[in-house]
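*Asks:* Just dropping this structure here.
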């Protein structure tokens, strides 16, 4: 009876461990499979939501750049600005850094949503190119603009498609730059002026071409 009992016990024990292992492996495989299915389902839902959702576009508000120019002229600061903007363009930012070597800038969006900026600063053109365009710029065809605040403008471009035109005016560098195409930037160059803003109508986007410009400071 002893040997029979030992053999039977050993056989039952071995069979129990093998069956338990197979059931454990099967359970783990099922759980992994279920998790994969769940992840695929979640990913598909998020993708569908991203495609079908109507996320509202954020509208960039225009700023009163002529009012900012007027404020600078009231303290006898000579700043450059476009006397008007082409149809569909809007000014979106003003940057003024006071001090002994003040800096001035206006950021704009064109009718196609590309960026165009103007920077006026007592700084070398290479420094402004590094800061506002790219550290690796190349020269491109220069711009001749009769009647503009400067006749000759040096041309620059980078590998990312940005363009810039620069000229020295009144001892300061004026840089016109951005992702807008060269034709749009050339149009902006032609519109630049230092003339006093017409203060007879503070809300009007007008200027006074016959009035004397404030003295540089």
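*Asks:* How big is the convex hull of the Cα atoms of the range 93-170, per residue, in Å³?
*Replies:* So the per-residue hull volume is 112 Å³.
*Asks:* What is the calculated FRET efficiency for residue 183 to residue 151, with r their C-beta to C-beta distance and R₀ = 22 Å, to the nearest 0.05?
*Replies:* So the FRET efficiency works out to roughly 0.75.
*Asks:* Extension gain residue 141-residue 114, at 0.36 nm per residue separation less the Cα-Cα distance, in nm?
*Replies:* Residue separation times 0.36 nm, minus the Cα-Cα distance, leaves 7.6 nm.
*Asks:* Another question about this same structure. Quick one: 123, 172, 61, fewest Cβ neighbours within 10 Å first, how do they rank?
*Replies:* If I rank by nearby Cβ atoms, fewest first, I get 61, 123, 172.
*Asks:* If you take the square roots of the eigenvalues of the alpha-carbon gyration tensor of the range 58-195 and sort them as a ≥ b ≥ c, do you get rounded (a/c under 1.5), prolate (a/b over b/c) or oblate?
*Replies:* Taking the square roots of the gyration eigenvalues as a ≥ b ≥ c, the range 58-195 is rounded.
*Asks:* Now for a separate question. Using 0.36 nm per residue, how much length does the chain from residue 92 to residue 132 gain when fully extended, once their Cα-Cα distance is taken away?
*Replies:* 12.8 nm
*Asks:* Express in whole angstrom the spacing between the alpha-carbon centres of the range 100-144 and the range 170-195.
*Replies:* That distance is 8 Å.
All of the numbers you see were taken from the coordinates with simple rules; none came from a lab. Quick caveat, the model's predicted, so the values are computed rather than measured. Ideal geometry is used to build each Cβ from the backbone, glycine not excepted, and the neighbour counts take in all protein chains shown.
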